[in-house]
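A single structure is presented below for examination.
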There are 2 protein chains.
Amino acid sequence: MSRGTVYGLGVGPGDPELITLKALRRLQAARAVAFPVQRGESVARAIVAAYLREDQDQIAIDAPMTGGDSAQPGYDAAAATIAGYLDRGEDVAVLCEGDPLFYGSFIYLLGRLAGKHQVEVVPGVTSLTACAAALPLPLVGRDERLAVMPAILPNDRLREGFVFGDAVAIVKVGRHFARLAALIQELGLTDRAHYVERASHAVQRVLPLAEVDPATATYFAIILVFKEASPWR
Amino acid sequence: MSRGTVYGLGVGPGDPELITLKALRRLQAARAVAFPVQRGESVARAIVAAYLREDQDQIAIDAPMTGGDSAQPGYDAAAATIAGYLDRGEDVAVLCEGDPLFYGSFIYLLGRLAGKHQVEVVPGVTSLTACAAALPLPLVGRDERLAVMPAILPNDRLREGFVFGDAVAIVKVGRHFARLAALIQELGLTDRAHYVERASHAVQRVLPLAEVDPATATYFAIILVFKEASPWR
């Protein structure tokens, strides 16, 4: 074990005020700050831009959104850079949009660093509950079941979520929007479906699913479907 | 619409530092602070005890854990008290363990106050992601599906979650522990099941499911099951 600690910090869904006191403290105490970069931009870094210290090293993690094998060299390189700090006894904060362990790229770093280095994860507010807050509607209550699925799944896998869940969340909508909207229409649930884009960001959009122009749908959106009317919804 | 605003504030899973900057600001600016009380105690109030101002009114919401119809008079009374503040143009903060809209009692107040009063929900860190952080293991990644279910459900309903989810979370374990452990054993998943109690609290317990003494299981625990080994888990 090296003496430094790598912190996986959930920085929340977008509003810089939705970071926790703990993540902010760990962030500001770290020697270096690492963050995933996609097409030259880092959403996680943008969220905490006002909190960064000028004397902190910044480590850009090359993390293409396509994921899969093409992303692995970027994580290998980032893990090696981070390990260098840890071996010198310096702490590194890895910024994670939302929560580090909820559909985040931090899981790739965790797999590379755990066991060999001290790892601490600070959980964060996910875009999932931020979407419910934006509506605001209960996500799940009492004896309800929640299904969460990424939009990239084929329709037969998504359909199973609508069988299982009283509330169904489809994350990372993006280019899958038209297919998802058609599936939800086929299931007769369009009027119980909500589209929330960039929840808690200044540019947040909240719309009934039927009112979304498919051309405007983004990756940073969630579709929430409540299968049946509840006493409270 | 009355002039005051009622804030549903997620105060996080237990560690007082896991409150967000926004929830803390809303909490400290409110004229009155309301919180659910069960058997004379309020977990949500205990989490933020150090942040309360002495000049803030405190409203105890009688919210028996049994839920159901027996809980409704308590919410009726609390909603009426809160509405009194709002009608006078004063803000009320309702403290919610974890996130207000994720299996929380705030949903009952939301149903009573929405439409008639201004409501703002500040999402919080849930015990769900705090449990993953405690392990630490990825909750869900890539194309995985997540099933979340309350322990009170009968086995046939719970089984469907294990069919659907790559990751399965059973919340509010408590007196259902022995039945849940037997079900997971029957499914052959015991060695992939984790028990996390009071995640992020000072008294947090993290154990493989097989090592839990059923007599010690509490309501404030989650069982997390990862159905198959993933490259990162």
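The values are calculated or read from the model by the stated rules, or taken from the named source; none is laboratory data. None of the values given here were measured: they were computed from a predicted structure. Positions of Cβ are backbone-derived with ideal geometry, glycine not excepted, and every protein chain shown enters the neighbour counts. Keep in mind that these areas ignore ligands, DNA and RNA; they rest on the heavy atoms of the full protein, side chains included. Shrake-Rupley method; radii C 1.70, N 1.55, O 1.52, S 1.80 Å.
Working carefully through the options B:215, B:202, find the one that is among the aliphatic types (A, V, I, L, M), within 14 Å of chain A (Cβ to nearest Cβ) and surrounded by fewer than 15 Cβ atoms within 10 Å (Cβ to Cβ).
Within the list B:215, B:202, the selection yields B:202.
Among the residues of segment A:146-181, write down those that are touching a residue at least 24 places away in the same chain (Cβ under 8 Å), in contact with a Lys or Arg (Cβ under 6 Å, 6 or more places away or on another chain) and at the interface with another protein chain (Cβ under 9 Å from one of its Cβ atoms).
Correct list: A:150, A:165.
Next up: Scan the strands (runs of 3 or more DSSP E) fully inside segment B:4-100 and keep the ones with 3 or more residues being closer than 16 Å to residue B:126 by Cα, open to solvent by less than 10 Å² (accessible area, probe 1.4 Å) and at pLDDT below 95.
It comes to none.
Does segment A:138-171 hold any residues that are closer than 18 Å to residue B:114 by Cβ and either open to solvent by less than 10 Å² (accessible area, probe 1.4 Å) or touching a Cys at 6+ places or on another chain (Cβ under 9 Å) (or both), and which are they?
A:138, A:139, A:140, A:141, A:167, listed by residue number.
I would also like to ask the following. Of all residues in segment A:109-145, count the ones that are more than 30 Å from residue A:2 (Cβ to Cβ), more than 7 Å from chain B (Cβ to nearest Cβ) and either of a type in the set (Gly, Ala, Ser) or not in a loop (DSSP other than H, G, I, E, B) (or both).
Qualifying residue count for the region: 4.
Right, next: Return yes when residue B:111 is without any contact (Cβ under 8 Å) to a residue 12 or more places away in the chain, under 29 Å from residue B:147 (Cα atoms) and open to solvent by 40 Å² or more (accessible area, probe 1.4 Å) and no when it is not.
Taking the combined requirement at face value, the residue satisfies it.
If you don't mind, another one. Are any of the residues in segment A:174-194 out of contact with any strand residue (DSSP E or B) (no Cβ under 8 Å at 6 or more places or on another chain) and acidic (Asp, Glu)?
yes
Can you run down the residue pairs with Cβ atoms below 6 Å, 6 or more apart or on separate chains, where the first is in segment B:200-222 and of a type in the set (Lys, Arg) and the partner is crowded, with 17+ Cβ neighbours inside 10 Å?
These pairs meet every condition: B:205/B:197.
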